[in-house]
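Participant: Below is a structure I'd like to ask you about.
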2 protein chains.
Amino acid sequence: MFQNAERPRGRPRSFDEKDALEKATRVFRSKGYDGVTIDDLVAGMGVGRPSLYSVFGDKRAIFLRALRAYAEAKGARAAKALFSPATLRDSLAGFLRHAVESATEEGQAPGCLLLCVAPLVDDAEVRQFLKDTVAGGMALVERRFYDAISTGEVPSDFPVSARSSQVLDLSRGLTMRAQMGMPRKTLLKDAEEAADLVLLSRR
Amino acid sequence: MFQNAERPRGRPRSFDEKDALEKATRVFRSKGYDGVTIDDLVAGMGVGRPSLYSVFGDKRAIFLRALRAYAEAKGARAAKALFSPATLRDSLAGFLRHAVESATEEGQAPGCLLLCVAPLVDDAEVRQFLKDTVAGGMALVERRFYDAISTGEVPSDFPVSARSSQVLDLSRGLTMRAQMGMPRKTLLKDAEEAADLVLLSRR
DNA sequence: GGAATTTAGAACTAAATGTTTCAAAATGCT
DNA sequence: AGCATTTTGAAACATTTAGTTCTAAATTCC
């Protein structure tokens with residue numbers, strides 16, 4: 001067996017940094033931001049209090065790291081859902097289904113860190129990050145529509161901007177319903193119907 | 001001048017109960033639930049600390065009262081927007097515009113107590129109330145669609161249930177965007193387009 | 001094996017927060 | 001005017017919470 005890389009000098013950590021961050025995400029997802037105490041994080045992350053401060057910093061810093069990691073992972077999965085399928089309809093349905101699946105993950109509090117928790121955090125950096133992330137999501141969906149125009153799947157006068165907003169609004173609605181406890185099965189069906197809706201042609 | 005009703009015996013209150021509740025709503029809207037301290041409420045409601053406890057009870061009780069009042073008022077306005085106009089299209093547009101206007105009120109933190117704040121409150125009674133309120137909103141929109149069927153405005157096989165979910169999801173999306181700082185003007189335009197979207201006929 | 005280094009766990013401090021208490025103030029009643 | 005009643009404001013109290021410190025434990029390097 002290899003000694004993987006150089007092991008640092010002192011006592012080894014009893015936790016994995018990425019894993020601890022993911023656990024922090026769970027805590028924030030279930031209790032919001034202000035509802036979370038350091039004790040909650042200590043308990044939920046499996047990291048001792050002093051280690052928590054020395055490795056991650058305070059609650060705000062932990063939240064920011066968790067939020068960035070969450071956004072990156074979710075953004076990547078969303079992009080995959082959007083750009084893997086061949087047809088626009090499948091792309092949109094996949095995108096919306098992904099929103100539902102992400103918001104109803106087994107063993108996690110239903111909802112979404114970006115949509116349900118972060119907007120209430122009273123912090124300029126969080127707000128800016130949110131704005132950028134939302135804009136990024138919008139750009140992603142728009143690009144998929146433009147791709148569909150260039151392949152001729154939809155006409156060139158397709159209202160890309162309006163339909164993109166609507167896809168995102170529908171996904172927000174699905175996510176909020178997930179947070180309020182609506183079962184995944186129902187939401188997945190609604191995701192399909194939402195995908196159909198935004199592709200209806202104008203009379 | 002009339003002595004309006006019987007004035008109670010002791011020292012008169014320095015605040016109006018309904019007004020104080022509305023101010024509490026503002027506080028909760030801008031800071032969420034867990035983010036609000038009693039001091040915030042004392043300052044924001046203009047009610048002294050002991051009066052606050054004796055008249056309203058603790059934070060949870062204040063929130064519940066504020067939430068119920070908020071839901072009632074918003075529900076009434078939504079119903080009016082939905083059932084006043086003659087055409088279905090105007091009803092839906094009015095409903096969605098109302099969601100936007102309510103979420104972007106001048107001098108209030110953008111967002112919605114029911115959609116953005118209450119779902120994060122870790123309380124069984126709040127959760128139950130939310131579920132009921134959401135179901136009530138859904139029923140309202142569905143009724144408007146059924147009315148439109150009976151007047152022949154839409155065909156009798158119109159997918160009432162699906163479209164109602166979608167109207168509500170779209171309004172949730174608009175509301176969440178309001179909370180994130182999107183300007184009212186943009187959202188009002190999107191509300192109109194959303195109303196058009198859900199009335200597109202199937203091919 | 002022992003010194004140096006890093007982490008872990010428990011205890012500690014200071015600040016904040018929620019809730020109650022109490023005397024003073026403002027009103028109606030007689 | 002004086003008494004009963006209710007609200008008010010300040011302060012007191014207890015609890016929770018954030019953040020630090022200190023000692024013991026686990027590891028590498030020599």
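No value in this document is a laboratory result; all are computed from the given coordinates. Quick caveat: nothing in here was measured; it's all calculated off a predicted structure. Heads up, the Cβs are rebuilt from the backbone with ideal geometry, glycines too, and the neighbour counts pull from every protein chain shown.
Participant: Could you say whether any residue in region A:186-202 is in contact with a His (Cβ under 9 Å, 6 or more places away or on another chain) and of a type outside the set (Phe, Trp, Tyr)?
Facilitator: Yes, because at least one residue in region A:186-202 is in contact with a His (Cβ under 9 Å, 6 or more places away or on another chain) and of a type outside the set (Phe, Trp, Tyr).
Participant: Go through the residues of region A:107-115 one by one and say whether even a single one is buried (at least 18 other Cβ atoms within 10 Å of the Cβ) and farther than 23 Å from A:Ala20 by Cβ.
Facilitator: The answer is yes; a qualifying residue exists.
Here is a yes/no grid of residues against (1) near DNA strand C (Cβ under 8 Å from one of its atoms); (2) out of contact with any Cys (no Cβ under 6 Å at 6 or more places or on another chain); (3) in contact (Cβ under 8 Å) with a residue 40 or more places away in the chain:
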| residue | (1), (2), (3) |
| --- | --- |
| B:Arg7 | yes, yes, no |
| B:Gly10 | yes, yes, no |
| B:Arg49 | yes, yes, no |
| B:Tyr53 | yes, yes, no |
| B:Arg60 | yes, yes, yes |
| B:Arg65 | no, yes, yes |
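Participant: Evaluate the following for B:Ala69: is it over 19 Å from B:Arg172 (Cβ atoms) and more than 11 Å from chain A (Cβ to nearest Cβ)?
Facilitator: yes
Participant: Go through region B:96-122 and count every residue that is within 11 Å of chain A (Cβ to nearest Cβ) and either of a type in the set (Lys, Arg) or over 16 Å from B:Gly181 (Cα atoms) (or both).
Facilitator: So the count comes out to 7.
Participant: OK, next. Checking the structure you have, find out if any residue of region B:145-164 is assigned to a helix (DSSP H, G or I), at negative phi, within 21 Å of the chain's Cα centre (by Cα) and within 9 Å of another protein chain (Cβ to nearest Cβ).
Facilitator: Looking through region B:145-164, at least one residue is assigned to a helix (DSSP H, G or I), at negative phi, within 21 Å of the chain's Cα centre (by Cα) and within 9 Å of another protein chain (Cβ to nearest Cβ).
Participant: Now for a different question. Between residues in region A:156-171 that are free of Cβ contacts under 8 Å to residues at least 24 places away in the same chain and residues that are β-branched (Val, Ile, Thr), which pairs lie under 8 Å by C-beta distance while being six or more apart or on different chains?
Facilitator: A:Ser156/A:Ile149; A:Phe158/A:Ile149; A:Val160/A:Ile149
Participant: I'm told A:Ala66 meets every condition in (1) within 23 Å of A:Asp16 (Cβ to Cβ); (2) surrounded by fewer than 19 Cβ atoms within 10 Å (Cβ to Cβ); (3) touching a Ser or Thr at 6+ places or on another chain (Cβ under 8 Å) except one. Can you identify the failing condition by its number?
Facilitator: The one condition A:Ala66 does not meet is (2).
Participant: Next up: Which residues, taken from region A:69-92, are polar (S, T, N, Q) and crowded, with 21+ Cβ neighbours inside 10 Å?
Facilitator: A:Ser91
Participant: I want to confirm something. Restricting to region A:5-53 and keeping residues that are more than 8 Å from DNA strand D (Cβ to nearest atom) and among the hydroxyl-bearing types (Ser, Thr, Tyr), which single residue is farthest from the other protein chains (Cβ to nearest Cβ)?
Facilitator: A:Ser14
Participant: Would you mind finding the one in A:Ala178, A:Ala148, A:Ala139 that is over 30 Å from A:Leu64 (Cα atoms) and among the aliphatic types (A, V, I, L, M)?
Facilitator: A:Ala148
Participant: Here is a further query. Quick one: A:Ala191 ticks every box in (1) more than 8 Å from chain B (Cβ to nearest Cβ); (2) surrounded by fewer than 21 Cβ atoms within 10 Å (Cβ to Cβ); (3) hydrophobic (A, V, I, L, M, F, W, C) except a single one, so which number is it?
Facilitator: (2)
Participant: Still on this model: Using beta carbons and a limit of 8 Å, which pairs, at least six apart or on different chains, have the first residue in region A:34-47 and in contact (Cβ under 8 Å) with a residue 12 or more places away in the chain and the second one in a helix (DSSP H, G or I) and near DNA strand D (Cβ under 7 Å from one of its atoms)?
Facilitator: From residues that are in contact (Cβ under 8 Å) with a residue 12 or more places away in the chain, the pairs are A:Val36/A:Lys59; A:Ile38/A:Arg49; A:Ile38/A:Lys59; A:Leu41/A:Lys59.
Participant: Something else now. Would you pick out the residues in region A:18-37 that are touching a helix residue (DSSP H, G or I) at 6+ places or on another chain (Cβ under 7 Å) and either of a type in the set (Phe, Trp, Tyr) or loosely packed, with under 15 Cβ neighbours inside 10 Å (or both)?
Facilitator: Of everything in region A:18-37, those that are touching a helix residue (DSSP H, G or I) at 6+ places or on another chain (Cβ under 7 Å) and either of a type in the set (Phe, Trp, Tyr) or loosely packed, with under 15 Cβ neighbours inside 10 Å (or both) turn out to be A:Phe28, A:Tyr33.
Participant: Just give me the residues in region B:168-188 being more than 9 Å from chain A (Cβ to nearest Cβ), within 19 Å of the chain's Cα centre (by Cα) and either among the hydroxyl-bearing types (Ser, Thr, Tyr) or assigned to a helix (DSSP H, G or I) (or both), in sequence order.
Facilitator: Result: B:Ala178, B:Arg184, B:Leu187, B:Leu188.
Participant: Considering only residues that are of a type in the set (D, E, K, R), assigned to a helix (DSSP H, G or I) and without any contact (Cβ under 8 Å) to a residue 60 or more places away in the chain, which ones fall in region A:12-30?
Facilitator: Within region A:12-30, A:Glu17, A:Lys18, A:Asp19, A:Glu22, A:Lys23 meet the criteria.
Participant: May I ask you to list the residues in region A:150-188 that are surrounded by fewer than 16 Cβ atoms within 10 Å (Cβ to Cβ) and β-branched (Val, Ile, Thr)?
Facilitator: A:Thr151, A:Thr186
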